[in-house]
Each structure stands twice: as structure tokens, then as C-alpha cells.
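For reference, the structure is listed below as C-alpha cells.
Each reported figure results from applying straightforward, stated rules to the coordinates on display, with no laboratory input. The model shown is predicted, which means the values in this text are computed figures rather than measured ones. Neighbour counts run over all protein chains shown; Cβ positions are idealised from the backbone, glycine included.
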Amino acid sequence: MSGSLASGITRPTGREVNQQTLFQESDQSLLIRDGVVEYIPSFFSPPEAESLFQELLETTPWQEDEVVLFGQRRKLSRKVAWMGDSGFTYSYSGTSKTASQWTPALTLVKERVERRTAQRFNSCLLNLYHDGSEGMGWHSDDEKTLGRNPVIASVSFGAERIFKLKHRKSKEVVSVILEQGSLLVMKGETQHHWVHTLPKTKKISTPRINLTFRMFVGARSDLQPGES
Ligand SMILES: O=C(O)CCC(=O)C(=O)O
């Protein structure tokens with residue numbers, strides 16, 4: 001990875017794709033194939049983003065995140081919260097989470113994102129990364145309960161962090177810097193063909209909050225409305 005561009009999209013090296021070129025060519029998607037990813041910097045103005053960051057930090061019912069790896073339950077230092085329309089329980093990485101009620105700050109963000117994407121969202125996963133020592137490994141948001149081609153809308157507040165997508169077959173990597181107040185929308189076949197990550201870094205010492213809005217569809221065994 002080398003220099004950062006004004007748009008927040010990084011100039012890649014090696015097998016990584018030069019996203020400045022791609023972005024200019026399509027003006028729509030960061031991906032040239034097998035999915036659509038749109039990046040909107042300054043979706044929230046700097047003062048709005050700063051105030052939403054503080055409000056989300058203070059009013060979100062943060063919980064310790066944990067994963068089950070090789071049958072062992074492991075706590076992560078990253079904090080999470082899960083909010084949704086109707087308090088349903090959602091299973092992921094071997095743990096289950098019950099949705100809390102939308103807070104006023106999150107409702108404001110959700111409504112703005114829904115207007116921009118022309119999409120309704122019934123849930124949001126919030127992640128609080130205290131600094132660059134916390135991140136998220138390669139994965140895709142391809143749970144059956146999200147439907148075939150889910151739209152995932154990701155809003156970032158606080159510290160800027162690099163976000164990467166990697167094509168499952170060709171292994172090409174696309175990198176973007178998620179700036180304070182930005183919106184990233186993944187849609188179409190993205191979750192089938194690409195995995196994504198928020199790499200850890202020694203360069204960041206301040207916190208970041210990320211919100212991923214999702215729409216769960218239908219009643220499935222791992223999505224049980226009203227269960228606590
Ligand atoms: O924090 C981020 O930007 C990544 C979040 C993410 O990948 C997820 O919630 O699935």
C-alpha cells in the first residue's frame with residue numbers, strides 16, 4: 001500500500017487494482033466486476049460527523065464482542081452493539097445477539113442512509129474499534145437471512161481506517177480509506193464474489209465507530225423475531 005489520494009481511495013501496489021483509474025472510469029463502483037461498491041466521502045459534514053460520533057459513543061449499549069473459534073469462546077476487545085426494528089435474535093460467528101431499540105442518533109443516520117440508497121434497513125451492527133490494534137478479518141456478509149444479493153450500507157465516524165475487498169477467485173484487492181462521515185454501499189453480487197476486511201494497523205491510536213445497516217428478510221431458523 002502506498003500514497004493516499006484525495007478521494008480516500010488508496011493507490012495500490014502489486015496485485016492490488018488502481019482504484020483511482022477504476023473510479024474515474026465507472027464513476028459509480030469501486031469494483032470492475034462481480035458486484036457494486038459505491039463510496040461517498042463526506043456523506044455527513046465534519047461537524048455532523050463529530051457530533052454523531054460523540055453521541056453514538058455515549059448512547060450506544062456497547063457490549064464485549066466474542067467469537068467461537070475451534071469450539072472455544074473468545075472475547076474480543078472491540079465493542080459491538082446490535083440494533084433492530086423488533087428485538088430479534090441474530091446468530092453470527094457462533095454467538096447470538098438480541099437487537100436493542102434504535103437510539104435517536106442511530107435513527108437519524110439510518111433515515112439519511114435510507115433516503116440516499118432508496119433502501120429500507122431493519123437492523124444495524126455497530127462496531128467500536130478503540131484504536132488500530134482492533135480490526136476485522138476477511139469475511140463476507142453472506143448470511144442466508146440477508147437474502148440473495150444484500151445491500152449493506154456502512155457508515156464510518158472517528159479515525160480513518162483502510163478497508164479492503166478481495167476477489168475470491170482472481171485475488172485482486174481493492175482498497176479504500178473510510179473517512180470520517182463517509183458512506184460505503186456494497187450491493188449486487190459483491191458478497192458472493194468478494195470478501196472484505198478492516199486490517200489492524202499500528203498507525204492509528206484513536207477510536208472509530210462503524211455502522212453496517214442490513215435488511216434481514218423472511219423468518220429463518222437463525223432469525224427469531226421477539227426472542228430474547
Ligand atoms: O468496520 C468496518 O468498516 C467493517 C465492518 C464489517 O466488515 C462488518 O460489519 O461486516
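Which of the lysines could be linked to K203 by a straight reach, that is with a Cα gap under 19 Å, when you skip same-chain ones fewer than 8 residues away? Within the straight-line limit of under 19 Å, K203 reaches these lysines: K164. Take the Cα of T197, step 7 Å toward its Cβ, do the same at Q28, and the gap between the two points is 3.0 nm.
Remark: spin-label model distance S51-V217 equals 3.7 nm, labels positioned 7 Å along the Cα→Cβ axis. Among the trypsin sites (Lys or Arg not before Pro) within region 124-166, those in coil by DSSP and having at most 12 neighbouring Cβ atoms inside 10 Å are R148.
In terms of packing, defined here as the mean over residues of other Cβ atoms within 10 angstrom, the peptides 65-77, 170-182 line up highest first as 170-182, 65-77. Placing a pseudo-label 7 Å from each Cα along the Cα-to-Cβ vector at S77 and T98 gives an inter-label distance of 3.0 nm.
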